[in-house]
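The values are calculated or read from the model by the stated rules, or taken from the named source; none is laboratory data. Treat the numbers as computed from the prediction; the structure is a model and nothing was measured. Don't worry about glycine lacking a Cβ; one is built from the backbone with ideal geometry, like all the others, and counts go over all protein chains shown.
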Amino acid sequence: MGNFDEQVYEYVKRVPRGKVTTYGTIARAIGRERASRLVGNALHRNPTPVVVPCHRVVNREGRLAPAFAFGGEEVQASLLREEGVAVEDGRVDLSVYFWEGN
């Protein structure tokens, strides 16, 4: 099914505009339940951020990545807002915007 990073990228490509998912959700979805940090590392290495929308990934509390690899937390917030996701105090309301996939 491909290497770990490829599995992460394929999952993230499915997250719809205006929705977010979490590192842990991705880890569980690709069969590596305890690998949420590795998911973050893979996204930090994302070679195609336009194709793989890693800005749509937040932590389990809905918090943005303080070290978002492609410009920092404010860039991540801006990209999410452009898609209609409300971001307040560096956080997204998962009860509204969470996407778990299927």
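Helices (runs of 4 or more DSSP H) fully within the chain that include at least 1 residues being among the polar types (S, T, N, Q) and over 13 Å from the mean Cα position of the chain (by Cα): 4-13, 73-82, 94-97. Within region 1-55, the set of residues being of a type in the set (K, R) and closer than 23 Å to V85 by Cβ comprises K13, R14, R17, K19, R28. In region 36-62, the residues that are farther than 18 Å from V75 by Cα form Cβ pairs under 9 Å with partners that are of a type in the set (G, A, S), at six or more places apart or across chains, as follows: S36/G24; S36/A27; R37/A27; L38/A27; V39/G24; V39/A27; R60/G24; R60/S36. Scanning region 26-69 for residues that are β-branched (V, I, T) and buried (at least 16 other Cβ atoms within 10 Å of the Cβ) returns I26, I30, V39, V52, V57, V58. Screening P49, P53 for residues that are at pLDDT below 95, over 12 Å from E100 (Cα atoms) and out of contact with any His (no Cβ under 7 Å at 6 or more places or on another chain) leaves exactly one candidate, P49. Taking each residue of region 84-102 that is farther than 10 Å from T21 by Cα and looking for partners that are modelled with pLDDT under 95 and assigned to a loop (DSSP other than H, G, I, E, B) with beta-carbon atoms closer than 8 Å, six or more apart or interchain, yields G90/P66.
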